[in-house]
Amino acid sequence: TIIVCYDPHEYAKYCHSDEGAGCSIGTPWGASYVVLNLDGINTDVIAHEMCHDELFTRLGWWKTTQQIPQWFNEGLALMVDYRFVENKPPAQRYLDYKDECDYISSGGQVTLALTEISSMRGFFTGPEGRVMLAYMTSGMEVSRWLAAAGQPAIPVLVKHLREGRDFQDVYQQLEAKKQP
């Protein structure tokens with residue numbers, strides 16, 4: 001279900017913020033929603049939010065919210081969202097996201113560890129520049145991982161997570177052994 005909000009207050013009711021062009025809402029009973037404001041009516045935002053929705057669909061609300069780090073959820077969504085980095089092979093996307101991180105952080109003066117942006121609160125708390133750095137850090141990490149693990153690693157990761165395996169273990173194992 002896609003909900004388009006014509007009023008910022010309406011958007012804030014769903015997304016708990018008037019920031020951003022869209023958000024995704026998953027529920028424990030399986031329903032999920034993509035919520036857009038008027039700035040979100042474009043291919044990149046819709047693809048980004050639908051990627052979140054796809055994780056909810058494939059893994060369920062509990063696993064997605066409790067076992068998937070927010071940096072991975074956002075980084076994966078950035079792989080289908082070309083607002084910041086063009087559609088390129090993962091190794092080039094990594095370099096482009098690294099450039100974006102350097103620019104936002106004034107040459108790397110501020111960095112975010114993945115552990116700092118693993119939770120929703122850790123990812124989205126702070127001023128706009130910090131949140132943007134969280135997005136770019138996520139895009140950099142997931143594109144780096146995809147360059148090492150290969151595109152086929154994504155469905156393998158999902159399969160193992162559905163089987164109950166630990167995210168970090170599977171993530172690292174897939175990186176170490178590139179998928180054919």
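The table below gives the values:
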{"read-out": "Any pair with Cβ under 6 angstrom, 6 or more apart, that starts in region 49-64 at a residue that is touching a residue at least 40 places away in the same chain (Cβ under 8 Å) and over 16 Å from GLY75 (Cβ atoms) and ends at one that is of a type outside the set (Ser, Thr, Tyr) and surrounded by fewer than 18 Cβ atoms within 10 Å (Cβ to Cβ)", "value": "ARG58/VAL158"}
{"read-out": "Residue within region 3-11 that is assigned to a helix (DSSP H, G or I), buried (at least 18 other Cβ atoms within 10 Å of the Cβ) and out of contact with any helix residue (DSSP H, G or I) (no Cβ under 7 Å at 6 or more places or on another chain) present", "value": "yes"}
{"read-out": "Qualifying residue in region 122-140 (condition: over 22 Å from CYS15 (Cβ atoms), at pLDDT below 95 and not in a helix (DSSP H, G or I))", "value": "no"}
{"read-out": "Members of region 146-180 that are hydrophobic (A, V, I, L, M, F, W, C) and either touching a Pro at 6+ places or on another chain (Cβ under 8 Å) or more than 21 Å from LEU78 (Cβ to Cβ) (or both)", "value": "LEU146, ALA147, PHE167, ALA176"}
{"read-out": "Options GLN179, GLN168; residue that is modelled with pLDDT under 95 and open to solvent by less than 80 Å² (accessible area, probe 1.4 Å)", "value": "GLN179"}
{"read-out": "Considering residues of region 66-118 that are open to solvent by 60 Å² or more (accessible area, probe 1.4 Å), assigned to a loop (DSSP other than H, G, I, E, B) and touching a residue at least 40 places away in the same chain (Cβ under 8 Å) only, the residue nearest to GLU49 (Cα to Cα)", "value": "PHE84"}
{"read-out": "Residue in region 165-173 that is among the basic types (Lys, Arg) and part of a helix (DSSP H, G or I) present", "value": "no"}
{"read-out": "Pick from region 34-55, criterion β-branched (Val, Ile, Thr) and in a helix (DSSP H, G or I), ranking: least open to solvent (accessible area, probe 1.4 Å)", "value": "VAL45"}
{"read-out": "Which numbered condition ALA31 fails, given (1) closer than 28 Å to THR1 by Cβ; (2) open to solvent by 40 Å² or more (accessible area, probe 1.4 Å); (3) more than 12 Å from the chain's Cα centre (by Cα)", "value": "(2)"}
{"read-out": "Some residue of region 150-158 being surrounded by 14 or more Cβ atoms within 10 Å (Cβ to Cβ) and in a loop (DSSP other than H, G, I, E, B)", "value": "yes"}
{"read-out": "Cβ pairs under 9 Å, 6+ apart, first in region 12-30 and closer than 20 Å to THR43 by Cβ and at pLDDT 90 or above, second in a strand (DSSP E or B) and open to solvent by 40 Å² or more (accessible area, probe 1.4 Å)", "value": "CYS15/ILE25; CYS23/TYR33; SER24/TYR33"}
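The values are calculated or read from the model by the stated rules, or taken from the named source; none is laboratory data. Not measured: the values here are computed from a predicted model. Here Cβ is always computed from backbone atoms with ideal geometry, including for glycine, and neighbour counts include all displayed protein chains. To get the accessible areas, we keep the full protein, side chains included, count just its heavy atoms, and leave off ligands, DNA and RNA. Shrake-Rupley method; radii C 1.70, N 1.55, O 1.52, S 1.80 Å.
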